[in-house]
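The structure under discussion appears below in the form of structure tokens.
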Amino acid sequence: MNTEWWIARRYFKGKGFLSFIKYMAIGGIAIGSAGLLISLSIVHGFKSVITEKTLSFAPHITVTAPFDGGIQRSDTLKTFLDKRGEFDSVLPSVIAEVMIQGNGEITGGLLQGLETDHVHKDFSQYLSEGDFSDHGVVLGAGVAEALGIKVGESITLFSFRGIPGFDTSPEIKQVAVTGIYKTGIDRFDDGILFASAHLVRAMSGRKSTDADQMELRIS
């Protein structure tokens, strides 16, 4: 190591151009290290926020049927899961793809039906306006902005059963916007709207006990 130390001491103690190189090298390492630390801190903070919002808004566990047709007796499955005592909430969920029209604008989205009296407690913290009720829909902030819709105004939902064609007419329903939610995550805000399970079942021709999935949240 004697040779290496000799070279290091010579360049570190050097004057003139060698001194300039020394300070440039030290400064470059300091700036690079600072930039790396700042970038890692930002990424870590962003990851923490996204994780927190996802876990507080989306279900922790999703149960689906291993066959077509969804869960036909969601009430029986809900009773079984409730008795286990391991879950903070068990929500049957009905899902339908819809076209949304309002204020002369049109967009697509995923209409998710939930039992309004069993919505998990964290949902309300993301409601920026209005509330979740049986008589209307809650839009994501991105959908509301795209349509230029506010709470209290009405939108028209179009839901097709099967493949759209000349011989299949959509189910059309005009509903009021009772709330707007905002999570800050585009995946939710730009594509998902919520309504009562009863409304979504009626639009998609489902029975009162049908569900596409069970949404579980761990205690």
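Odds and ends about this structure:
- Heavy-atom accessible area with a 1.4 Å probe sorts H60, H135, largest first, into H135, H60.
- Normalised size of segment 66-219, defined as Cα radius of gyration per 2.2 N^0.38 Å with N residues, equals 1.05.
- Accessible surface of T64 - all protein chains present, 1.4 Å probe, nearest 10 Å²: 80
- Ligands, DNA and RNA excluded, the heavy atoms of D122 present near 40 Å² of accessible surface to a 1.4 Å solvent probe.
- Solvent accessible area, Å² - I106, 1.4 Å probe, full protein context: 110
- Set of aspartates and glutamates near K78 by C-alpha distance (under 19 Å), chain-local residues within fewer than 8 positions excluded: E86, D88, E115, D117, D210, D212, E215
- Evaluated at q = 0.13, 0.24, 0.29, 0.30 Å⁻¹, the base-10 log of the normalised Debye intensity for segment 170-219, with identical point scatterers placed on the Cα atoms, takes the values -0.45, -1.13, -1.15, -1.15.
The values are calculated or read from the model by the stated rules, or taken from the named source; none is laboratory data. Here the structure is a predicted model, which is why all the values come from computation and not from measurement. Just the protein is used for accessible areas: all its heavy atoms, side chains included, with ligands, DNA and RNA removed. Shrake-Rupley method; radii C 1.70, N 1.55, O 1.52, S 1.80 Å.
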